[in-house]
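What follows is one structure encoded as C-alpha cells, with my remarks underneath.
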C-alpha cells in the first residue's frame, strides 16, 4: 500500500513488548474456500474463510487478493463482505507467557517482505497479557509493524468535494490502570491480603 502524502499521524506508540521474532523465519501459508489464479499477472483472488498464517501470526477475512513481487514476496489485500465480520489479526509477542497483539478493520493489507500490516477503516488494535487487556487503540488507519515493534495510528486522506469526512476522526488510546481498586478485588484476593496483615 502506498501511504498517501496527506495522512496526518495522530499517534506513534512503541509497544512495550515485541512481536514474536521467530515468525520472520516461518513460511507463509494462505488458505481459502475458493481461489482463482492468473499465472501471467501472478495474482490470486481468494474468497471464503481466507486465512494467512506465518508462525503465530493469523489473519482472517472474507476475501482477498494475493500478488507476488519479482523477489517472491507476497502482498495480500483483505476485505470483508457487506454485513460480514471485520478482517481480524492476532500475533504472539516475545517476552514469555501469553502475550498477544490482535485487532480488526474493514480492510487490511499485509506485505510479506516488510511484515507491515495496515488496518484500514474502523481499525482497532489491542495488547493483552495472560488474557488481561493492557491497552488498546482505535482510529481510521493503524499500521502494525512487527519488525520495528511499533504501531502507528493515523487519519485517512480527506475525501469528497468539501474535503471533510465528518465526525471526530481522532485516534483513541485506552490504557488500563496498573493499580487495582481493592473494593473490586475478588473475595479470595481480599482475604489473602487480610490474612497477611500485621497481627493476623
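The values are calculated or read from the model by the stated rules, or taken from the named source; none is laboratory data. Remember, predicted model here, so these are calculated numbers, not experimental data. Here the Cβ is made from the backbone with ideal geometry for all residues, glycine too, and neighbour counts use every protein chain on show.
Candidates 46, 52: the one that is under 14 Å from the mean Cα position of the chain (by Cα) and either within 19 Å of residue 137 (Cβ to Cβ) or part of a strand (DSSP E or B) (or both) is 52. Checking 128, 143 one by one, the residue that is surrounded by fewer than 20 Cβ atoms within 10 Å (Cβ to Cβ) and outside any loop (DSSP other than H, G, I, E, B) is 128 and no other.
Of the residues that make up region 110-118, is at least one surrounded by fewer than 19 Cβ atoms within 10 Å (Cβ to Cβ), at pLDDT 90 or above and within 12 Å of the chain's Cα centre (by Cα)? Yes, there is a match, as at least one residue in region 110-118 is surrounded by fewer than 19 Cβ atoms within 10 Å (Cβ to Cβ), at pLDDT 90 or above and within 12 Å of the chain's Cα centre (by Cα).
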